[in-house]
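A.B. asks: I have a structure here, written as structure tokens, and I will follow up with some questions on it.
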Amino acid sequence: MVRMRAVVQRVDGARVVVDGETVGEIIGQGLCVLVGVTHDDTPQKAEQLARKLWSVRILDDEKSCSDVGAPLLVISQFTLYGDARKGRRPTWNAAAPGAVAEPLVDAVVAHLRALGAQVETGRFGADMKVSLTNNGPFTVIVEV
């Protein structure tokens, strides 16, 4: 079973730039979250992922964003479903098309905000430049 997937990095600041313009930025401790959506994902999975991201205890002293009010930078990332097992060129067959994925990534962001999170975002489908300072380094994969 393929699941909605997020690569979560504990950061001390992160930002997304599109065409030379900063479109999303968090300062200080928080999470940079790359979200991948597959064909079977649903609004319920988006809500479940948001709750998990808000409450996962991976900040300093085993705190969560909800514990300390830490911000999140959420960025859509279809390449999380890239498959390079055969040949030399990855396939993206497991990634949902933009018309399916964009509303679900937006739903993750909306649910996080409804929970009280400060959320910044990238720009769906854009050529984004992401920079961050990974604190740890600390990176986990969250699937729902």
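The values are calculated or read from the model by the stated rules, or taken from the named source; none is laboratory data. Small disclaimer: the values here were computed from a predicted structure and weren't measured. No Cβ is skipped: glycine too gets one built from the backbone with ideal geometry, and neighbour counts run over all protein chains shown.
Every residue, every condition in (1) small (Gly, Ala, Ser); (2) touching a residue at least 12 places away in the same chain (Cβ under 8 Å); (3) over 18 Å from ARG123 (Cα atoms), yes or no:
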| position | (1), (2), (3) |
| --- | --- |
| GLN29 | no, yes, yes |
| LEU53 | no, yes, yes |
| ARG57 | no, no, yes |
| ASP60 | no, yes, yes |
| PHE78 | no, yes, no |
| GLY82 | yes, yes, yes |
| ARG88 | no, no, yes |
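A.B. asks: Take segment 107-142 and flag every residue that is farther than 16 Å from LEU59 by Cβ, under 11 Å from the mean Cα position of the chain (by Cα) and surrounded by 14 or more Cβ atoms within 10 Å (Cβ to Cβ).
C.D. replies: Pass one, segment 107-142, residues farther than 16 Å from LEU59 by Cβ: 107-111, 113-114, 120-131, 141.
Filter again for under 11 Å from the mean Cα position of the chain (by Cα), leaving 108-109, 120-122, 141.
Matches in segment 107-142: VAL108, VAL109, GLU120, THR121, GLY122.
A.B. asks: Further question on the same structure: Are there strands (runs of 3 or more DSSP E) fully within segment 1-113 with at least 3 residues that are among the β-branched types (Val, Ile, Thr)? List them. Walk me through how you get there before you give the answer.
C.D. replies: On the way: elements: 5-18, 21-36, 72-76.
In segment 1-113, 5-18, 21-36 are the strands (runs of 3 or more DSSP E) which contain 3 or more residues that are among the β-branched types (Val, Ile, Thr).
A.B. asks: Condition test on ALA101, is it of a type in the set (A, V, I, L, M) and crowded, with 20+ Cβ neighbours inside 10 Å? It would help to see each step written out before you state the result.
C.D. replies: Numbers: of a type in the set (A, V, I, L, M): yes; crowded, with 20+ Cβ neighbours inside 10 Å: yes.
Spelling it out, ALA101 is indeed of a type in the set (A, V, I, L, M) and crowded, with 20+ Cβ neighbours inside 10 Å.
A.B. asks: Are any residues in segment 26-38 surrounded by fewer than 24 Cβ atoms within 10 Å (Cβ to Cβ) and either under 12 Å from the mean Cα position of the chain (by Cα) or modelled with pLDDT under 95 (or both), and if so, which ones? Before you say what the answer is, go through the steps one by one.
C.D. replies: Here is the first cut: in segment 26-38, the residues surrounded by fewer than 24 Cβ atoms within 10 Å (Cβ to Cβ) are 26-29, 34, 38.
Across segment 26-38, the qualifying residue is only LEU34.
A.B. asks: Which condition breaks for VAL33 when tested against (1) out of contact with any helix residue (DSSP H, G or I) (no Cβ under 8 Å at 6 or more places or on another chain); (2) in contact (Cβ under 8 Å) with a residue 24 or more places away in the chain; (3) under 22 Å from VAL140 (Cα atoms)?
C.D. replies: Looking at each condition in turn, VAL33 falls short on (1).
A.B. asks: If you check VAL18, VAL74, VAL2, which single one turns out to be of a type in the set (A, V, I, L, M, F, W, C), under 15 Å from ILE141 (Cα atoms) and at pLDDT 95 or above? Break it down into steps so the answer makes sense when it comes.
C.D. replies: On the way: VAL18 fails: under 15 Å from ILE141 (Cα atoms); VAL2 fails: at pLDDT 95 or above.
From the options VAL18, VAL74, VAL2, the qualifying one is VAL74.
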